[in-house]
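Following: one structure in structure tokens, then a few remarks.
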Amino acid sequence: MCELLKEMGFSYKRPRMKSLLADPIEQELFLKAFPERIEEIVKKGKEKGRKAKILCTDEAGFRRDGTLHSGWYRKGEIAEIPESNGRFESIKMLGAVDPLEGDFTLKKAPKRIVSEDYGDFLVYLSKRYPDRELIVLEDNAPWHSEKRVWKVLKDNEIDNVHRIRFPKYSPKMNSCEKLWKWLRESVTHCRYHESLKDLMACIWSFYRRVWRDKEKAKIRFQSEIPIFSNLAL
């Protein structure tokens, strides 16, 4: 039966969740307007003598218990991963990905993220790239509050951050989702960490290793909807 299904063009896959709340019309309008919005920011950056840089931001949590996933094991052996018996301790991370340059940033976040934490992260990015005009693409998380985040930027006299919201429920556009997938493959898939300190050490080890390989990162960070491929920065 498996051979017949393959001959008919089928393959064995794991399905993924698809949001029923995404608005295709809103997504289409965003994609049409996106190049023009980028062009305006690039123009402003050139007037200041700055080159533009795209950063897709997001937040994610990583459990010490790890995540179950398929893997290669010896025949006859039962694959088992330890668990902490209900103590689901985790670490939250803030991330920013440049899908065009293969650059990315990670920063540990509080257990409960608020708008001021995200604003501080944007300040951190601004100071990390002081000579760049940052085009920050973000989702519609409640802590991305317009007024409260802009107040943090204003209080810190940040003038090189331009925020653009993705349409609601559009993770396929956000390249930072690819970073989280890569990090989980390397750090939490079928791995048990004795402590949060051990988990954090593995996350930073991943960061140091991957950050040096920009070409590989550019391939991994390609969004499922190619919105960055023809941009002139």
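The values are calculated or read from the model by the stated rules, or taken from the named source; none is laboratory data. As the structure is a prediction and not an experimental result, all values here were calculated from the model. Note: ideal-geometry Cβ built from the backbone for every residue, glycine included; neighbour counts use all protein chains shown.
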Within segment 113-140, residues being in contact (Cβ under 8 Å) with a residue 40 or more places away in the chain and either of a type in the set (Val, Ile, Thr) or surrounded by fewer than 16 Cβ atoms within 10 Å (Cβ to Cβ) (or both) number 4
Need pairs with beta-carbon distance below 8 Å; first residue under 21 Å from Gly49 (Cα atoms) and within segment 150-175, second buried (at least 16 other Cβ atoms within 10 Å of the Cβ) and acidic (Asp, Glu); sequence gap 6+ or separate chains. Asn160/Glu133; His162/Glu133; Arg163/Glu138
With respect to Phe88, determine if the residue is closer than 19 Å to Ile203 by Cα, among the aromatic types (Phe, Trp, Tyr) and either modelled with pLDDT of 95 or more or part of a strand (DSSP E or B) (or both). no
Among the residues of segment 97-116, is there at least one that is among the hydrophobic types (A, V, I, L, M, F, W, C), in a loop (DSSP other than H, G, I, E, B), farther than 16 Å from Cys176 by Cα and modelled with pLDDT of 90 or more? yes
Across segment 141-161, what is the total count of residues that are within 22 Å of Glu36 (Cβ to Cβ) and crowded, with 18+ Cβ neighbours inside 10 Å? 2
Is one or more of the residues making up segment 199-218 modelled with pLDDT under 90, over 19 Å from the mean Cα position of the chain (by Cα) and surrounded by fewer than 18 Cβ atoms within 10 Å (Cβ to Cβ)? no
Checking the structure you have, find out if any residue of segment 177-187 is surrounded by fewer than 17 Cβ atoms within 10 Å (Cβ to Cβ), touching a Lys or Arg at 6+ places or on another chain (Cβ under 9 Å) and either touching a residue at least 40 places away in the same chain (Cβ under 8 Å) or polar (S, T, N, Q) (or both). yes
Test for Glu185: is it under 30 Å from Ile78 (Cβ atoms) and in contact with a His (Cβ under 9 Å, 6 or more places away or on another chain): yes
Checked segment 1-57 for anything of a type in the set (Lys, Arg), surrounded by fewer than 10 Cβ atoms within 10 Å (Cβ to Cβ) and not in a loop (DSSP other than H, G, I, E, B); matches are Lys32
